[in-house]
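First the structure, in the form of C-alpha cells, and then the observations on it.
Every number in this text was worked out from the coordinates using simple rules, so none of it is lab data. Predicted, not measured: the structure shown is a model, and the values here were computed from it. Positions of Cβ are backbone-derived with ideal geometry, glycine not excepted, and every protein chain shown enters the neighbour counts.
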Amino acid sequence: MNFQEYFSKMRGDAEGPPRVPFKEVLWSGLGALLGIGMCGWVSSYYLEPRALTLMIGSLGASAVLVYGVVASPFSQPRNVMGGHVISAFIGVVCHKWLGLDVWLVGTIAVSFSVMAMLLTRTVHPPGGATALTAVIGGKTVYDLGFFFVVVPIALGVSILLVVGLIVNNLSGKRRYPAYWF
C-alpha cells in the first residue's frame with residue numbers, strides 16, 4: 001500500500017448517522033437522569049460517609065450506552081457488567097503487582113482489559129476507563145484494593161442496569177436487553 005492509498009482511507013465514505021427521534025432523546029435523557037441520579041443518591045447517603053463513591057466517569061460513559069444506544073452489543077448487560085468487572089480487576093492487579101511508573105501501568109491495564117474483553121466477548125468501551133481509574137485513582141481508590149471491583153464498579157453497574165431494564169422497556173419502541181448471555 002502506498003501513502004496515497006493509506007491516507008485516502010482516512011477520508012471516510014459513509015454518511016453520518018441519522019437523527020434520533022426527539023421522543024427517543026427524551027427516553028435516553030430520563031434513563032441517564034434516573035440511573036446516574038440513583039448512583040449519586042446511594043453514594044451520597046450510604047457510601048460517601050464511608051469514603052466510597054459511585055460517581056465515577058466510566059459509569060457516566062456507560063449511561064450513554066445503556067440509555068442512549070440500547071440495541072448496541074456494547075450496551076447489553078453481559079458486556080456492561082463483564083466489561084467493567086473484568087477491567088476493574090485487571091486495573092487493580094496491574095496497580096498492585098507492577099512496580100512501574102503510573103503512566104506505564106495504566107497503559108498496560110487498558111491494553112490487557114481490551115484483550116480480556118475481546119476474549120470474553122464482553123466488550124464495553126467504558127471498561128477501559130475503569131481499568132485506568134483503578135491505576136490513576138489515587139489513595140482512595142488504592143485503599144479499596146480489590147473491593148474497588150465490588151464498590152463502586154459492580155454496585156454502580158448493577159444500579160445502571162436495573163434502571164435500564166425499567167426505563168428502556170417503558171417506551172413502546174425499545175426492548176432491553178437484546179440478550180443476557
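What does the helix-only formula give at 222 nm for the chain: each DSSP H stretch with n ≥ 4 adding -39500 (n - 2.57), the total divided by the residues, and the result rounded to the nearest 500 deg cm²/dmol?
Roughly -19500 deg cm²/dmol at 222 nm, from the helical runs in the chain.
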Candidate lysines - alpha carbon under 20 Å from LYS96, same-chain residues fewer than 8 apart omitted
LYS139
Determine which lysines satisfy two conditions relative to LYS23: a Cα distance under 21 Å, and not lying fewer than 8 residues away in the same chain.
LYS173
Length released on extending from ASP101 to MET115, taking residue separation times 0.36 nm less the Cα-Cα span
2.9 nm
Pop out the ³J(HN,Hα) list for the range 167-175 in order, Karplus 6.51 cos²θ - 1.76 cosθ + 1.60 with θ = phi - 60°, rounded to Hz; leave Gly and Pro as x.
5, 5, 8, 6, 6, x, 9, 9, 9
Order by neighbour count: MET38, MET10, fewest other Cβ atoms within 10 Å first, most last.
MET10, MET38
Electrostatic dipole magnitude of the range 22-168 [Cβ: Lys, Arg +1; Asp, Glu -1; Cα centre; debye, to 20]:
180
Using a 10 Å cut-off around each Cβ, can you sort HIS95, HIS124 from fewest to most neighbouring Cβ atoms?
HIS95, HIS124
